[in-house]
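Here the structure comes first, spelled out in structure tokens, and everything after it is commentary.
The values are calculated or read from the model by the stated rules, or taken from the named source; none is laboratory data. For clarity, every value in this text was computed on a predicted model and none was experimentally measured. Positions of Cβ are backbone-derived with ideal geometry, glycine not excepted, and every protein chain shown enters the neighbour counts.
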Amino acid sequence: MQRPATIRHRTSLYEDAVTIVEGEFQSDLSLDDIARRVASSRRQLQRAYAEIGRTTFREHLTAVRMDRAADMLDGRGPTVREVAHRVGYRQPAQFAKAFRRHHGLAPSDYRARRRFTGAGAAVPADGIAQAA
């Protein structure tokens with residue numbers, strides 16, 4: 001069992017890292033960079049992500065990027081290529097692969113489905129819109 005002070009410290013590290021990632025997801029962020037900025041070691045930040053966030057830094061960064069990308073793909077916003085760059089991917093193909101892994105659809109298919117189902121309607125995990 002961990003000491004309360006350890007839990008508080010790791011919670012603080014995790015929350016600080018989350019704030020940075022959510023504010024700067026489009027930047028070229030690394031675990032080492034974030035650890036430096038929250039005055040921690042790489043290993044301590046990894047532990048905070050694992051124990052407090054139940055995830056890894058990379059998984060968290062990708063999830064934030066993919067959620068923001070999905071928001072941008074609603075409607076007739078920027079092109080998929082522009083979305084890729086806006087969420088921090090230099091290569092649109094890498095973005096498309098990550099998006100497909102996270103959302104189960106290619107970005108262009110996600111956009112088309114969102115247009116079809118309406119911007120406010122959620123796309124089910126299986127990608128099949130249900131008729132009302």
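Condition check: outside the structural domain of ASP28 (by TED's automatic domain parsing) and closer than 23 Å to TYR49 by Cα. Does ARG101 satisfy that? It is true that ARG101 is outside the structural domain of ASP28 (by TED's automatic domain parsing) and closer than 23 Å to TYR49 by Cα. Annotation for region 3-11: no member residue is surrounded by 13 or more Cβ atoms within 10 Å (Cβ to Cβ) and either assigned to a loop (DSSP other than H, G, I, E, B) or assigned by TED's automatic domain parsing to the domain that holds ARG115 (or both).
Residue by residue, here is whether (1) crowded, with 19+ Cβ neighbours inside 10 Å; (2) at pLDDT 95 or above holds:
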position	(1), (2)
THR19	no, yes
ALA48	yes, yes
ASP74	no, no
PHE95	yes, yes
